[in-house]
Amino acid sequence: MNALAASPDEPAEHARFAAHLRELARATDAREPAVVARVLGDPDRTMARSAVLRHLDRRAGDLLAEPGFAVWSEAMTRTVGDDPFLTRRLLEWSLLRAVVRQGPWRPDDLLNASDWLQLRAAATSNAEVLRLLAERGRTRRIRRTAGLNPARSGDD
């Protein structure tokens, strides 16, 4: 049976989504850009983007503390370059990496970032980030998460 074929009770896009996720998970570093590009070529653009987003989030999380993160992120940015949402997500992973590793970052970049990124940054141990988000995070949830983070205690 074709790996992309749906069962009678399952919509075709669900079967393709699952198959895309399996293929992305098995992609070697060298083949990853080609696999991502192929998945993005699926006729169901929303489903394809969702599969690639899930893959990028998994891989970025795995690589966040690794030296190869920047090279991987650049390769993925070139691959998804015409998709503003995926490109922004990769940029936000890079900003989160800077926050986590206490590398250079600008407060305005963090304050202008998505709720997704601010919430993840509020869960880090960077005291400067926690202070900023506790005071000026976009949502009450972000401000509360940053304010209650144990890494912030003793800072005030």
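So which of Pro33, Pro11 ends up being over 30 Å from Val129 (Cα atoms) and at pLDDT below 95? Walk me through it before giving the result.
Working: Pro33 fails: at pLDDT below 95.
That would be Pro11, the only listed residue that is over 30 Å from Val129 (Cα atoms) and at pLDDT below 95.
If Ser94 meets every condition in (1) among the hydroxyl-bearing types (Ser, Thr, Tyr); (2) in the same structural domain as Arg59 (by TED's automatic domain parsing); (3) more than 12 Å from the chain's Cα centre (by Cα) apart from one, which number is that one?
Looking at each condition in turn, Ser94 falls short on (3).
Just checking, which of Ala98, Ala65, Ala123 is in a loop (DSSP other than H, G, I, E, B) and either more than 30 Å from Arg38 (Cβ to Cβ) or in contact with a Leu (Cβ under 6 Å, 6 or more places away or on another chain) (or both)?
Details: Ala98 fails: in a loop (DSSP other than H, G, I, E, B); Ala65 fails: either more than 30 Å from Arg38 (Cβ to Cβ) or in contact with a Leu (Cβ under 6 Å, 6 or more places away or on another chain) (or both).
Testing whether each residue is in a loop (DSSP other than H, G, I, E, B) and either more than 30 Å from Arg38 (Cβ to Cβ) or in contact with a Leu (Cβ under 6 Å, 6 or more places away or on another chain) (or both) leaves just Ala123.
Restricting attention to region 138-152, and to residues there that are touching an Asp or Glu at 6+ places or on another chain (Cβ under 9 Å) and not basic (Lys, Arg), which single residue is farthest from Val100 (Cα to Cα)?
Step one: filter region 138-152 for residues touching an Asp or Glu at 6+ places or on another chain (Cβ under 9 Å), giving 138-139, 141-143, 146-147.
Those still in the list that are not basic (Lys, Arg) too: 139, 142, 146-147.
Numbers: Thr139: 21, Ile142: 17, Ala146: 14, Gly147: 17 Å.
Out of the qualifying residues, it is Thr139.
Hey, among the residues in region 97-117 that are among the aliphatic types (A, V, I, L, M) and either touching a residue at least 60 places away in the same chain (Cβ under 8 Å) or not assigned by TED's automatic domain parsing to the domain that holds Met76 (or both), which one's surrounded by the fewest Cβ atoms within 10 Å (Cβ to Cβ)? Full working, then the answer.
Initially, region 97-117 is screened for residues among the aliphatic types (A, V, I, L, M), giving 98-100, 110-111, 113, 117.
The next check asks that each one be either touching a residue at least 60 places away in the same chain (Cβ under 8 Å) or not assigned by TED's automatic domain parsing to the domain that holds Met76 (or both); those that pass are 110-111, 113, 117.
Values: Leu110: 23, Leu111: 13, Ala113: 21, Leu117: 22.
Restricting to residues being among the aliphatic types (A, V, I, L, M) and either touching a residue at least 60 places away in the same chain (Cβ under 8 Å) or not assigned by TED's automatic domain parsing to the domain that holds Met76 (or both), the top hit is Leu111.
Name the single residue, out of those in region 40-76 being polar (S, T, N, Q) and within 23 Å of Ala19 (Cα to Cα), that is surrounded by the fewest Cβ atoms within 10 Å (Cβ to Cβ).
Residues of region 40-76 that are polar (S, T, N, Q), as a first pass: 46, 50, 73.
Next, from what is left, pick out any that are within 23 Å of Ala19 (Cα to Cα): 46, 50.
Numbers: Thr46: 9, Ser50: 15.
For region 40-76, the residue satisfying everything is Thr46.
What number goes with the only condition from (1) among the basic types (Lys, Arg); (2) in the same structural domain as Val39 (by TED's automatic domain parsing); (3) at pLDDT below 95 that Arg152 does not pass?
Among (1) among the basic types (Lys, Arg); (2) in the same structural domain as Val39 (by TED's automatic domain parsing); (3) at pLDDT below 95, Arg152 violates only (2).
Quick one: which residue in Thr87, Thr79 is farther than 19 Å from Trp116 by Cα and either touching a strand residue (DSSP E or B) at 6+ places or on another chain (Cβ under 9 Å) or surrounded by 15 or more Cβ atoms within 10 Å (Cβ to Cβ) (or both)?
Thr79
The values are calculated or read from the model by the stated rules, or taken from the named source; none is laboratory data. Bear in mind the structure is a predicted one, so any value in this text is a computation, not a measurement. No Cβ is skipped: glycine too gets one built from the backbone with ideal geometry, and neighbour counts run over all protein chains shown.
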